[in-house]
1. If you average the C-alpha positions of the range A:353-383 and of the range A:409-431 separately, how far apart do those two centres end up, in angstrom?
2. Which order do the peptides B:293-300, A:247-254 come out in when sorted by mean C-beta neighbours inside 10 angstrom, highest first?
3. With bins 5 Å wide starting at 0, give me the P(r) of the range B:436-517 over every alpha carbon pair, in whole percents.
4. If I take all pairs of Cα atoms in the range B:122-241, what percentage of them are more than 23 Å from each other?
5. Could you pull the Rg and Dmax for the range B:235-383, using just the Cα atoms, both in Å?
6. How long are the semi-axes of the ellipsoid equivalent to the protein assembly as shown, from square roots of 5 times the Cα gyration tensor eigenvalues, in whole Å, largest first?
7. Among the listed pairs A:Lys191/A:Lys219; A:Lys361/B:Lys409; A:Lys409/B:Lys361; A:Lys351/A:Lys444, which are separated by more than 28 Å between their Cα atoms?
8. Measuring nothing but label to label, 7 Å from Cα along Cα→Cβ, what are B:Thr445's distances to the other copies in nm, shortest first?
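Coordinate-derived values only; no laboratory data. The model shown is predicted, which means the values in this text are computed figures rather than measured ones. Here the Cβ is made from the backbone with ideal geometry for all residues, glycine too, and neighbour counts use every protein chain on show.
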2 protein chains.
Amino acid sequence: MTVSTARRTSRRSRGIANAVPLVSPVRPGMLGGGYKPLTQPEVERIHALVLQLLEDLGLSQITPSLEARAIEAGCWVDDTGRLRFPRALVEDVIARTRRKFTLHGIDPAHDIEIGGGRVHTGTGGAAPTIMDFHSGRYRESTVSDLYDIARLVDRMDNIHWYHRSVVARDAETILDLDINTTYACLSGTTKSIAISYTDSASVKAVIPMLDAVAGGEGKFRQRPFCTAVCCHVVPPMRFATESCAALEAAVEAGLPILLVAAGQAGATAPAALAGSVAQACAEVLAGLVLCNIIDPMCRGIFATWPFVSDLRTGAMSGGSGEQALLSAACAQMAGFYDLPNSVPAGMTDSKLPDMQAGGEKGYTVALAAHAGASMIHECAGMHGSLMGTCFESYVLDNDLLGAILRTVKGVEVTEDALSFDVIRDVVLGEGHYLGHPQTFSRMKTDYLYPAIADRRSISVWEETGARDAREVARGTVQTVLGEHYPTHIDPAIDRQLRDNFNIILPAARMRPGNGVW
Amino acid sequence: MTVSTARRTSRRSRGIANAVPLVSPVRPGMLGGGYKPLTQPEVERIHALVLQLLEDLGLSQITPSLEARAIEAGCWVDDTGRLRFPRALVEDVIARTRRKFTLHGIDPAHDIEIGGGRVHTGTGGAAPTIMDFHSGRYRESTVSDLYDIARLVDRMDNIHWYHRSVVARDAETILDLDINTTYACLSGTTKSIAISYTDSASVKAVIPMLDAVAGGEGKFRQRPFCTAVCCHVVPPMRFATESCAALEAAVEAGLPILLVAAGQAGATAPAALAGSVAQACAEVLAGLVLCNIIDPMCRGIFATWPFVSDLRTGAMSGGSGEQALLSAACAQMAGFYDLPNSVPAGMTDSKLPDMQAGGEKGYTVALAAHAGASMIHECAGMHGSLMGTCFESYVLDNDLLGAILRTVKGVEVTEDALSFDVIRDVVLGEGHYLGHPQTFSRMKTDYLYPAIADRRSISVWEETGARDAREVARGTVQTVLGEHYPTHIDPAIDRQLRDNFNIILPAARMRPGNGVW
């Protein structure tokens, strides 16, 4: 075609694009599983080791309460005090655990189905610092940041939940931290939230708050929209006593439980990746057995999160190829078990939303997604190997997640998509596809149009300021945070929460025109 | 473990790291294929359509010389002049084509084996512009740029070849362009090179130059280290007459041929991805039939490069999810055919090495690699949907490619890697893996340590200037280009080339201290 044909046709295309709404090809919960880092015999060898670790080695430091219940279920305690899990019991728990469940949003529009190979992406983490939006320097994160990130996430289509990503360093006690984290998350988004409760007292304290937002006493349990993130183990193969008590309280209260085993290969897990995967699976299954003993209908999420050490320094490396493999292999193991699951990805080592960050996020998330992880945590906003977060990155990552999820959607292979008639018509006719009805029709349904990624020509881009992606994202951050103050919590309920809890976040901070954004 | 234990051990690790050399787990040609975007029945449906397109539709505009040879081999020409390829002939050519061959480097140390699911990564493209290293603004690219990029690529371990990535806009004729491009690439690197010859006269002209560098007349044919990039079709389903003549000359001269079909979905290929994949496969197979007719021992590379249009504007979008799928699906089709192959990936739409560029490069290259592409072209240095290139990006992409290739290497699942004994020893002993012999041993062999990616803590990074990845890469560019002037071409040979060819690149530009770097 000539340049002028292309120009004419492209104007025509734009006209139609404006007239007919585009239908995004991407939605939460598309099927992954096309990438298998392990062969089936390798999966089975790892599984055999997982059972061996649980039966022959077991875990130390179980709480007395859970020990009694575990022994009743068939576990035993060896003479060094380690809780051992018979193979048959573990296999039985895997077989009878819920294969899928609804992870509720505060608004049911954000409900997602976890399990069955469906892929979702969202936040995670516990960064102690945040890159200040105005100064560009890292500082301690606060409860206001938690609330602002929640509001930003609320508007990002490819961030399917908001698991608190920073620690509110301005809370003084553990109880205050947990209460204020819960409040900030609940207030800032209508998506599903998750909080890391390390203490059973915290779990018990926040239930009335969750019930109040859910519409009254006992209502939260009907649609539990807040997940308890539970690091129930201190790897290697040791229970975390306080977290186990929190786990027990959370399962009893009906919260979904993210059962996290976060060993670090080379430090708290083997440097050999296969061993690290097996240890993580064993540790998570130990937690899953406990959850099932407490409540056979529990909503447990198999969250194998083995991390990687840069063995030169011992520091974590979230952006490494080894990390991508650990996460993808764990997702495949979870698929083998057919359990709702989570792996971490997108945890760049870079401190900035730069090329390093993009690259590390891109390949690690893509591999986790195609390996079929139900939930990919940490894949929005995180920097510095989970030690920091950055507002712009939620917007940038949302854009990238969309593109990656488009690849999870895959290639439609149908008679219509194969297009023999279309190809014949074009080849024997006009010689190009620009004006063909299939082109217009597929344009509306098969293609994802990003919000941030710049696809313009070099000259147009230069003429309009030659901005990098981060600068574009800054504009979105300012727009969203300046105008989007969710109002799903009734003011009367909010007053009640403020009366009953020590809420740090000032009410004035939760209204437009507060002078910050 | 306590902080002080970690510090002590990390110092100890560093000590050992310094004492024993690290062995990179990454090498060219690791096996891909773990990612299958298509099911086997889908692959077979696409293949059936490919055969249908070649037999029932065929290609127009075959050259008289090749038409005669094709008819002799069993093709026929329909009454509209289209060359038709009987299914049996196509299947026969697929069956008897070389399944693998050595793609020679100028230095045999850079030979790579193409085919059999082994994955390699390198440059490609024909960008007309380059971001000037000093001004940061895009300008027309020159033969000096070609030479400088060659020198940079020569030092980048994960860029396995140098296919010319920019157009020397300072060459005045096609012949001058092809001669000077060949000369600049040959002089700047000892890796395998590739040039796009659109004219048979160019092919014939450069053979004496290739022979001279190879060591004398007829020597190049024994170790052909220069590939002809041949866009033998103008999609949809039409031969490119001049390129077909160049193809004939190149095959006869023993050059490996990159058989490129570069349709653009929505413009010169169907907007439906499956149709676009099928059309590309058909177009490349048509070229492969021709190559095999010319020389059954030809070194043909199945280079399905379907691109994507942003259908709002008609412009190409190299960084899109749809592009990632097209490339991965084509790699899978080539794996089904078991042919040495190439797909494009890493073609960001961004004009800068920023977060967008990183993200788009990361996921598109990862998916192409895991789909098992023999050669991933365009995955170093390209920007602006192939319209520009940027020095820093070769360095940054090399780093990213290393991490992605680490994931292709995969997870070792052996008795030793499964680590039961190690886990038991640690769990019942010290409680952490930092001091375990396996940790030290695996550190040397299983982990890749990047050159550019910053893994330091936020505070250390801030204290040392808070540089982004691009700034770090700039330092590498300056170091390499200031000092690395390859000398593999004997000065006497070089003088001979300068006597016999119209060489634009000044000899003084090819020595240190030329004032540019």
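1. 33
2. A:247-254, B:293-300
3. Result returned by the calculation: 3, 10, 13, 12, 11, 12, 11, 9, 8, 6, 4, 2, 0.
4. Details: 2236 of 7140 pairs.
Percent of Cα pairs beyond 23 Å in the range B:122-241: 31.
5. That works out to 15.2, 47 Å for Rg and Dmax.
6. Working: eigenvalues 513, 184, 160 Å².
They are 51, 30, 28 Å, listed from largest to smallest.
7. Where the Cα-Cα span goes over 28 Å, the pairs concerned are A:Lys351/A:Lys444.
8. Going from nearest to farthest copy, the values are 5.3 nm.
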